[in-house]
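The values are calculated or read from the model by the stated rules, or taken from the named source; none is laboratory data. Remember, it's a predicted structure, so these values are computed and weren't measured experimentally. Note that we place each Cβ from the backbone using ideal geometry, even for glycine, and neighbour counts take in every protein chain shown. What goes into the accessible areas is simple: the full protein's heavy atoms, side chains included, and nothing from ligands, DNA or RNA. Shrake-Rupley method; radii C 1.70, N 1.55, O 1.52, S 1.80 Å.
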Amino acid sequence: MHIYANPTRFLALAKWLMPLLFWSGLVLSLGAVAWGLFVVPPDRLMGETVRILFIHVPAAWLGMGGWAGIAISSAMLLIWKHPLAALSARAIAVPGMVFCAICLATGSIWGRPTWGTWWEWDGRLTSMLVLLFLYAGYIALTEAAEKEGSSSKIAAIFGMVGAVNVPIINRSVVWWNSLHQPPSITAGKSAIEPTFLVPLLVAVVGFSLLFGAIVLMRMRTLIAEAQVEARLRRRALDDDAPAAAAAAPAMEQA
């Protein structure tokens, strides 16, 4: 990872990797969603509402995976002082929060005809809502640190501590009895029929590739903003230098 600690090397990698991730992710995502909407048959229990599965599950996966990425980047910042780690975590936060919100919204829409209610304070839904608030708090911390020019270590610590919520989300349907169904996919087996499982996995891969492309776009933007700010700061110092040099003789004569 330290090979790409240099922004120039990272930008060279991102220049060709970003369009590859974006277009491949877009094709797979649109194909999987179309597959789920128009090809997959209705479920024998949930009927047509099962089609929201192909958006809800990838969104849930990326909501949790996004925070895992923040935690890894935060650890790299605190342990190895990786120069791009803080930018990586900031770049992940906004799309991670968006997918977390999509997960909650689609889950609520799915739950209304399935459970008979828009919302239920069970372990899975509540812990996912907590994750949305954690994203909002992390974004606020990083924005405040950027505005004040302070260290990003506090946000990094927050990112690592907040990762405790990810396994809670994952295991909540096992630990607590709730309306939410138990895990459908576990190590080595799946309770989902292949008719639904194949397009679902394609959707997860496609949305994950799109997520990676968005993160790279945001990292390139943040690097560009930092470079522009550094140039403006150097220019301001260069403009102040002649004025300070001219003022020095006057002060000596006084």
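The table below lists the values:
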quantity	calculated
Members of the stretch 1-26 that are modelled with pLDDT of 85 or more, of a type in the set (Gly, Ala, Ser) and open to solvent by less than 50 Å² (accessible area, probe 1.4 Å)	Ala14, Ser24, Gly25
Candidates Gly31, Gly111, Gly96 - the one that is assigned to a helix (DSSP H, G or I), more than 24 Å from Arg218 (Cβ to Cβ) and at pLDDT 95 or above	Gly31
Test: residue in the stretch 68-83 that is part of a helix (DSSP H, G or I), of a type in the set (S, T, N, Q), open to solvent by less than 20 Å² (accessible area, probe 1.4 Å) and closer than 24 Å to Arg9 by Cβ	yes
Number of positions in the stretch 114-131 that are assigned to a helix (DSSP H, G or I), open to solvent by 40 Å² or more (accessible area, probe 1.4 Å) and out of contact with any Leu (no Cβ under 8 Å at 6 or more places or on another chain)	4
Hits in the stretch 159-186 (condition: within 19 Å of Gly69 (Cβ to Cβ), free of Cβ contacts under 8 Å to residues at least 60 places away in the same chain and either touching a strand residue (DSSP E or B) at 6+ places or on another chain (Cβ under 7 Å) or part of a helix (DSSP H, G or I) (or both))	Val161, Pro167, Ile168
Filter result for Val40 (surrounded by 18 or more Cβ atoms within 10 Å (Cβ to Cβ) and on the phi < 0 side of the Ramachandran plot)	yes
